[in-house]
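Here the structure comes first, spelled out in structure tokens, and everything after it is commentary.
What follows draws every value from the coordinates through simple rules; no lab data is involved. Being a predicted model, the structure only gives us computed values, none of them experimental. Neighbour counts run over all protein chains shown; Cβ positions are idealised from the backbone, glycine included.
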Amino acid sequence: MKNKIKNKFMLIPVLTAVLSLAMLVFFNYAHKSTTYKSYVIFLNDVSSKHVSTVYLSSSSKVMVKLSDGTLYETDNPRTNDFKETMLKSGITVSENMPTDTRQAIPMAGLVLSIGAIAFMGIKSSGIASKRMLSVDALDTTSVTDTKYNFEDVAGNEEAKESMKDLVDFLKNPEKYAEYGARMPKGVILYGEPGTGKTLLAKAVAGEAGVPFYAVSGSDFIQVYVGVGASRIRQLFKKARGNGKAVIFIDEIDAIGKRRDGGKTSGGSDERDQTLNALLTEMSGFNEKEGIIVMAATNRLDMLDSALLRPGRFDRHIEVNLPDVCAREKILKLHLKNKPIGNLNVKEWSHKTSYFSGAKLESLVNEAAILACKDNSPTINDLHLDQAFSIVLAGYEKKNRDHIKDIDKKITAYHEIGHALVSLKVLPEEKVSKVTIIPSTKGAGGYTLSIPGDNLYQNKNYLKKRIMVLLGGRAAEEIIFGADYITTGAHNDLKQSTKISFNMITQYGMGDTLGLLNMQELLDLNLNQDEVIKECKNLIDSIYEEVKTLLLSERDNLEKMTSLLLEKETLYSEDLIL
Ligand code: ADP
Ligand code: MG
Ligand code: ZN
């Protein structure tokens, strides 16, 4: 924008210079071709009193100016009394060449315009260096009324729910202040790309009717130290100038990546300053102002802990990939207002496992484009079929869209293994969610249960916890056979080993050490093999118990697994035996 204006002004002196130069060349040429008249004609003109001036020089020609202004050249007689003769006949004799005013103007123009260009050049380089420091260079788009609201976000119910009170707070910050409630200043949305984090932030601003300032963390990473920090300050100044606002920082990890100790390279100094500026600004405004800073990242665990402390980004909201039910809602949302024909949305929601919201949106869009190309009056299954291949091909291979059916099945049996054992042996604990949709909680899927909050955990309980942990592996072995067990149990085994080791060495629940504590015994250099052997025996016997249990529950194992495969996520109400 600014650049264009600068160029426009630059154009004026440049044009003037070119024009002046052209005129100079032209007149010079015209001058060179000044007509030549013979000395006789000149003498005639002299006697008839037509000549007004004679320009005398050492050259072989003299220039003659008649009283009507015409110029011509004639031969220099080089006589000693030429000047005197002329003067006697009342003719002015000049020993300088005629200054042609027609030449003087373009000459002045040229000099002036060159000066102007030089001046502007210096000034504009000054502008450029100033621009780097100014927030204007950032794409801070303030959309006073983002037209988005929660209806534009399908699925993501949990995330939406936790944002509702943010909206209420933005609407009446004074009310919360009266109650002395400390509302969050910073909210971090985390989850896979394309799951709707930006959309949710926009929706919060839209629902609350406040301006939305969006920037990206990567915009703040500059070569010069201090630039990022100054941009942060200006961004906040701008947002606060308008009263209530949602400030959205995408890719917060670009400025807030965890600082690892001494390893400070050149760029991290700049990042530290930017991060500190952000933290200072965030503690600078008070709750009554009604400003919420929302940030998005793909990985919460990458962020510096300074960012996550209370009073900063202390609310963390996970935004997950949609399960089959959410995918149906998202597909329907994006198909709304489009002419749809013979189209089975439910079936498409099943075919698109592991698709993000963004990918579903582009699937629908591609289908619409294809239908339009076909001149088909409606979008139908055929178009979605073609669009499906386009979208899949467009995204990089490593993506999980193609998780093989068998992997999905293994995940489902594994997770139901955990859930089923939990329901059987720990009925007092609620299994709140079982899913095969990957998230930060687990690469394949995960089972979430809410443990009772008891002060002590007894031996029986610990044994049952180990049972639940081993349930995943046991289910795999029962269904697919001992040769086909997978690496999926890695974490479960780490945890169960830790529990059994602690039981035997810390809590006095084993036989090898009895009531002795391992730590105190370590100085004695005692042989740990015995302890390891007992840990192994304990785990082995519990594992056998789990397998027996699951075998007796095989019907439920199959039934629940196929339900999980179909729905992708099960909640406690689906998990009743
Ligand atoms: P993120 O910020 O998490 O990478 P975006 O919010 O930028 O994802 O999502 C990109 C686009 O994908 C959105 O503009 C929207 O069209 C679509 N989209 C993503 N999630 C959803 C959703 N839950 N409901 C509806 N559309 C969605
Ligand atoms: Mg985004
Ligand atoms: Zn597991």
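I want to check the label-to-label distance for Met97 and Lys346. Put each point 7 Å from Cα in the C-beta direction and report it in nm to one decimal.
9.7
Give me the dipole magnitude in Debye, nearest 20, for region 420-516 about the Cα centre, with unit charges on the beta carbon: positive for Lys and Arg, negative for Asp and Glu. Kindly include the intermediate steps, with their values, before the conclusion.
On the way: 11 positive and 8 negative charges, 44 e Å.
For this selection, approximately 220 debye.
Among Ser500, Val434, Thr561, flag the residue with its Cα farthest along the positive direction of the charge dipole of region 434-577, charges on Cβ as +1 for Lys/Arg and -1 for Asp/Glu.
So the residue furthest toward the plus end is Val434.
Can you sort Thr34, Thr487 by how many other beta carbons sit within 10 Å, fewest first?
Numbers: Thr34 15, Thr487 8.
Lowest count first: Thr487, Thr34.
Is there a pair in Lys346/Lys409; Lys409/Lys430; Lys147/Lys430; Lys197/Lys404 whose C-alpha atoms are over 30 Å apart, and which pairs would that be? Don't skip to the answer; put the middle values down first.
Values: Lys346/Lys409 20 Å; Lys409/Lys430 24 Å; Lys147/Lys430 40 Å; Lys197/Lys404 27 Å.
With Cα atoms farther than 30 Å apart: Lys147/Lys430.
With +1 assigned to the C-beta of every Lys and Arg and -1 to the C-beta of every Asp and Glu, and no other charges, what is the dipole magnitude of region 406-574 about the Cα centre in debye, to the nearest 20? Write down the numbers at each step before the final one.
Values: 19 positive and 25 negative charges, 60 e Å.
Here region 406-574 has a charge dipole of around 280 debye.
May I ask you to sort Leu564, Leu199 by Cβ crowding, counting other Cβ atoms within 10 Å and putting the fewest first?
Listing Leu564, Leu199 from fewest to most nearby Cβ atoms yields Leu199, Leu564.
To make sure I understand, if each residue's beta carbon is the centre and we count other beta carbons within 10 Å, what order do Val546, Val210 fall in, fewest to most? Present the calculation step by step, with values, prior to reporting the outcome.
On the way: Val546 27, Val210 24.
Listed from fewest to most nearby Cβ atoms, that is Val210, Val546.
For region 146-166 and region 329-373, compute the distance between their C-alpha centroids and round to whole Å.
Region 146-166 and region 329-373 have Cα centres separated by 21 Å.
Pop a pseudo-label 7 angstrom from the Cα along the beta-carbon direction at both Leu112 and Tyr39 and give the gap in nm to one decimal.
Roughly 4.5 nm, to one decimal.
Students often get this wrong: which residues of region 321-348 have the backbone nitrogen under 14 Å from the point 7 angstrom along Cα-to-C-beta of Thr378?
Within reach of a label on Thr378, which here means backbone N under 14 Å from a point 7 Å along Cα→Cβ, region 321-348 contributes 336-345.
Would you tally the net charge around Ala371, using a Cβ to Cβ cut-off of less than 14 Å, leaving Ala371 out, and scoring K and R as +1, D and E as -1? Kindly include the intermediate steps, with their values, before the conclusion.
Details: positive: Lys338, Lys373; negative: Glu366, Asp374, Asp381, Asp385.
Overall, the nearby charge balance is -2.
Please report how far the C-alpha centroid of region 285-317 lies from that of region 484-503, rounded to the nearest whole angstrom.
Between the Cα centre of region 285-317 and that of region 484-503, the gap is 34 Å.
Kindly flag which residue pairs out of Lys459/Lys498; Lys332/Lys359; Lys351/Lys567; Lys463/Lys536; Lys160/Lys237; Lys424/Lys464 have an alpha-carbon separation exceeding 20 Å in this structure. Display every interim value, and only then the final one.
Working: Lys459/Lys498 14 Å; Lys332/Lys359 14 Å; Lys351/Lys567 12 Å; Lys463/Lys536 13 Å; Lys160/Lys237 29 Å; Lys424/Lys464 10 Å.
Going by Cα-Cα distance, Lys160/Lys237 fall outside the 20 Å limit.
Taking 0.36 nm per intervening residue step and subtracting the Cα-Cα distance, what contour gain separates Lys494 from Leu19 on full extension? Can you show the working numbers first?
Numbers: separation 475, 0.36 × 475 = 171.00 nm, distance 8.26 nm.
Gain on stretching Lys494 to Leu19: 162.7 nm.
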